[in-house]
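Structure first, commentary second.
No lab work stands behind these numbers, since they all come straight from the coordinates. The structure displayed is predicted, hence computed values, not measured ones. Ideal geometry is used to build each Cβ from the backbone, glycine not excepted, and the neighbour counts take in all protein chains shown.
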Amino acid sequence: MIEKNKSDFGLEAERRAFFGRRSTHKLTPTQQKLMDELMPNIEIRLEEAALDPATLFQNAQAPLMLEIGYGGGEHLARHAKANPDKNFIGCEPFIDGVGKMLAKIDADGLNNVRLYREDALHLLRALPDQSIAGAYLLYPDPWPKKRHHKRRFINPVTLGELSRLLKPGAEFRVATDIDDYATWVLAHMVRRDDFVWQPQKASEWRDPWTDWEPTRYEEKARREGRSSYYFSFYRK
Ligand SMILES: C[S@@+](CC[C@H](N)C(=O)[O-])C[C@H]1O[C@@H](n2cnc3c(N)ncnc32)[C@H](O)[C@@H]1O
């Protein structure tokens, strides 16, 4: 069985509380059909053994990208379509997001995407060392109340796992529209000696990436008058 209970600063209990309250949103009939017929072919389930990404994709040698919390899947689907020479794993526990992503996979005939719908931390723990060529964490839930900060996805446990998984030189992208979360991200990242953050100019973390299109969450933030931070960290 994959070990899920390593020392984690109390995170596991926090996460159980969160995932226990997952939405019971109803899928459309089309999404339900895709959930029944397509999802079993592309869903990653963690079983007894550690996960071997080479067994998941037709092109086992292609670089593997990971998106954590893909929401409605706009970014994941766009990147998977634009990069057929890469493989993608998307993690999203909420059923409405999974339904939307399945519809995009079906519409675009994507065969380079696999989905995981539990807490991404379990997937991180199951993947082998240096198996990931790039990772995206776009608009993670900000958990503004101090007592909920432990639920923030960026923390020493998840960063330790990402550090283990990312190949040397791999990029880890983080976007947020919340000032306090941006400060939190930098406070956690700059103290680490396994990632580098070297913006080329002072405004870099306020300018979107050149291949960027706003996600659904970012569009909402813009409508509400919040601009974003875009961080690129590189695994040493
Ligand atoms: C604020 S939304 C952003 C969604 C999307 N990235 C966007 O920019 O539109 C954060 C997403 O992260 C997902 N999420 C939160 N915790 C997660 C976890 N531990 N593992 C995987 N996904 C998670 C939530 O379900 C939610 O869809």
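At what distance in nm do the modelled label points of residue 106 and residue 163 sit from each other, each positioned 7 Å from its Cα along Cα→Cβ?
So the two model labels end up 4.3 nm from each other.
With θ set to phi - 60°, apply the Karplus curve 6.51 cos²θ - 1.76 cosθ + 1.60 along region 85-96 and write out the HN-Hα couplings as whole Hz, x wherever there is a Gly or Pro.
3J(HN,Hα) across region 85-96, in whole Hz: 8, 10, 9, 9, 10, x, 10, 7, x, 7, 4, 5.
So, in nm, how far is label residue 36 from label residue 204 when the simple model puts each one 7 Å beyond its Cα toward the Cβ?
5.1 nm
Can you give me the relative contact order of the chain as a percent, contacts being Cα pairs under 8 Å and 6 or more apart?
19 percent
How large is ³J(HN,Hα) for each residue in region 132-149, as worked out from phi by the Karplus curve 6.51 cos²θ - 1.76 cosθ + 1.60 (θ = phi - 60°), to whole Hz, x for Gly and Pro?
10, 8, x, 9, 10, 10, 10, 6, x, 3, x, 6, x, 6, 4, 5, 9, 4
Could you tell me the convex hull volume per residue, in Å³, taken over the Cα atoms of region 52-235?
Taking only Cα atoms, region 52-235 has a hull volume of 123 Å³ per residue.
Hey, which of these cross-link pairs are over 27 Å Cα-Cα: 150/220; 146/201; 104/146; 146/220; 26/145; 86/236?
The answer is 146/201; 104/146; 26/145.
Roughly what would the spin-label model give for residue 196 and residue 45, points 7 Å off Cα along C-beta, in nm?
4.4 nm
Go ahead and set up a Gaussian network model of the chain, Cα springs under 10 Å, then flag whichever of 216, 78, 191 fluctuates most.
Evaluated over the chain, the most mobile residue of the options is 191.
For residue 60 and residue 213 in one chain, what is 0.36 nm times their gap in residues minus the Cα-Cα distance, to one decimal in nm?
52.3 nm
Let me have the 222 nm mean residue ellipticity of the chain computed from DSSP H runs of 4+ only, each contributing -39500 (n - 2.57), with the sum over all residues rounded to the nearest 500.
Value at 222 nm, helices only, nearest 500: -9500 deg cm²/dmol.
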